[in-house]
Amino acid sequence: TARPGAAARTAADAVVPFKINVPQADIVDLKQRLTRARIPDELDGAGWDYGTNKAYFTELIAYWRDRFDWRAQERRLNRLEQFKTTIDGVEIHFVHRRSKVPNALPLLITHGWPGSFVEFDKVIERLTDPVAYGGRAEDAFDVVIPSIPGFGFSERPHERGYNPAKIAGLFGKLMARLGYTRYGA
């Protein structure tokens, strides 16, 4: 397994560190939109029969508007090693945590539609440092978790055709760019 090295990169294939920093104006805008949310009426006793339950939906909007702490989430997620790179004209965001174990197998983990790299934040440590969780060093992985195009902090594609096969091709190029010639997915 090749590990990322000091190979020269061109500006076109640069891998740059990334930190989440949502502008405060966007957070204020979201809270204002949630304040103006129009919740559809519901048939008496319908519950979840015709979509989202009105009481639940109202509570969920209030949570996102009044109690969700975006800055705390940014701090938590920014503890992950995040990067961006452009592949085939699309800027791709990804998490890349290398194991301290030499020659750990690289592992590409991909979320689905819809989804997010955040789904995997609780397994990154266990995969990269299994010994700390009662596992064996030889079970360690280098973990790469990209955000699929159009999701999370990856740019949306500028053309049609980004199906699973095309996205797999992008991610294969990402793994090669990171210096990996062999990996699991």
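Residue 158 fulfils the conditions (1) part of a loop (DSSP other than H, G, I, E, B); (2) under 30 Å from residue 102 (Cα atoms); (3) out of contact with any Ser or Thr (no Cβ under 9 Å at 6 or more places or on another chain) except for a single criterion, (2).
Of all the criteria given as (1) open to solvent by 100 Å² or more (accessible area, probe 1.4 Å); (2) under 30 Å from residue 90 (Cβ atoms), the one not satisfied by residue 25 is (1). Considered as a group, the residues in the range 153-176 that are touching a strand residue (DSSP E or B) at 6+ places or on another chain (Cβ under 6 Å) and open to solvent by 40 Å² or more (accessible area, probe 1.4 Å) include one that is nearest to residue 81 (Cα to Cα), and that residue is 153.
Against the numbered list (1) under 14 Å from residue 155 (Cα atoms); (2) within 14 Å of the chain's Cα centre (by Cα); (3) buried (at least 17 other Cβ atoms within 10 Å of the Cβ); (4) not small (Gly, Ala, Ser), residue 108 comes up short only at (1). Quick check on residue 126: is it open to solvent by 40 Å² or more (accessible area, probe 1.4 Å) and either hydroxyl-bearing (Ser, Thr, Tyr) or at pLDDT 95 or above (or both)? Yes; evaluated as a whole, the condition is true for this residue.
Tell me, which residue of the range 139-155 that is in a strand (DSSP E or B) and β-branched (Val, Ile, Thr) is farthest from the chain's Cα centre (by Cα)? The qualifying residue farthest from the chain's Cα centre (by Cα) is 143.
Yes/no per residue for (1) modelled with pLDDT of 95 or more; (2) in contact with a Lys or Arg (Cβ under 7 Å, 6 or more places away or on another chain); (3) open to solvent by less than 90 Å² (accessible area, probe 1.4 Å); (4) at negative phi:
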residue	(1), (2), (3), (4)
30	yes, no, yes, yes
43	no, no, no, yes
47	no, no, yes, no
51	no, no, yes, no
65	yes, yes, yes, yes
74	yes, no, yes, yes
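On inspection, residue 160 fails the criterion of being of a type in the set (Lys, Arg) and modelled with pLDDT of 95 or more. Filtering the range 54-94 to residues that are among the hydrophobic types (A, V, I, L, M, F, W, C), within 13 Å of residue 117 (Cβ to Cβ) and free of Cβ contacts under 8 Å to residues at least 60 places away in the same chain leaves 77, 80. Look at the range 26-45: where a residue is under 13 Å from residue 66 (Cα atoms) and a partner is open to solvent by 90 Å² or more (accessible area, probe 1.4 Å) and among the aromatic types (Phe, Trp, Tyr), sitting 6+ places away or on another chain with Cβ atoms under 9 Å, you get 30/64; 31/64; 34/64. Taking into account only those residues within the range 138-152 that are open to solvent by 40 Å² or more (accessible area, probe 1.4 Å) and in contact (Cβ under 8 Å) with a residue 12 or more places away in the chain, which is nearest to residue 88 (Cα to Cα)? Applying the filter and picking the extreme gives 150. Within the range 80-105, the set of residues being within 13 Å of the chain's Cα centre (by Cα) and hydrophobic (A, V, I, L, M, F, W, C) comprises 80, 83, 92, 94, 95.
Checked against (1) surrounded by fewer than 12 Cβ atoms within 10 Å (Cβ to Cβ); (2) out of contact with any strand residue (DSSP E or B) (no Cβ under 9 Å at 6 or more places or on another chain); (3) not hydrophobic (A, V, I, L, M, F, W, C), residue 115 passes all but a single condition, namely (1).
The values are calculated or read from the model by the stated rules, or taken from the named source; none is laboratory data. None of these values were measured; they are calculated from a predicted model. Neighbour counts are summed over all protein chains in view; Cβ atoms, including those assigned to glycine, are modelled from backbone coordinates with ideal geometry. For accessibility, only protein heavy atoms count, side chains too; no ligands or nucleic acids. Shrake-Rupley method; radii C 1.70, N 1.55, O 1.52, S 1.80 Å.
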